[in-house]
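J.: I have a structure I would like to understand better, so I am pasting it below and will then ask my questions one at a time.
The values are calculated or read from the model by the stated rules, or taken from the named source; none is laboratory data. What you see is a predicted model; the values in this text were computed from it and never measured. So basically every Cβ, Gly included, is an ideal-geometry build from the backbone, and we count neighbours across all protein chains shown.
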Amino acid sequence: MKSELLARSPLLILPLVALFLFLIVFLTVLFVTMQRKAPAYDPVARLPFEDDDNESGDRS
């Protein structure tokens, strides 16, 4: 009885919608990331090596 109810449920489309939404977002982020050239990442790559304005070590 439960299996028939679950098999005919219209809510079974929701996990498929979530899966396709995840795939679209994932593939979009992957595509945008792969399209960037290496010089676009240089400022972010140098962040750990830059001097801070606050030399006392206090991060507030």
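J.: Report whether or not Val44 is at pLDDT 80 or above and surrounded by 10 or more Cβ atoms within 10 Å (Cβ to Cβ).
T.: no
J.: Moving on to the next point. For the range 1-55, what are the residues that are in a helix (DSSP H, G or I) and of a type in the set (Ser, Thr, Tyr)?
T.: Start the filter on the range 1-55 by keeping residues that are in a helix (DSSP H, G or I), which leaves 2-7, 10-35, 38-45, 47-49.
The answer is Ser3, Thr28, Thr33, Tyr41.
J.: Right, something else. Taking the range 30-41 as the region of interest, how many residues are surrounded by 10 or more Cβ atoms within 10 Å (Cβ to Cβ) and more than 19 Å from the chain's Cα centre (by Cα)?
T.: Residues in the range 30-41 being surrounded by 10 or more Cβ atoms within 10 Å (Cβ to Cβ) and more than 19 Å from the chain's Cα centre (by Cα): 0 in total.
J.: Can I ask one more? Sort out which residues of the range 1-41 are polar (S, T, N, Q) and modelled with pLDDT of 85 or more, and write them in order of number.
T.: Just the residues of the range 1-41 that are polar (S, T, N, Q), to begin with: 3, 9, 28, 33, 35.
Within the range 1-41, Thr28, Thr33, Gln35 qualify.
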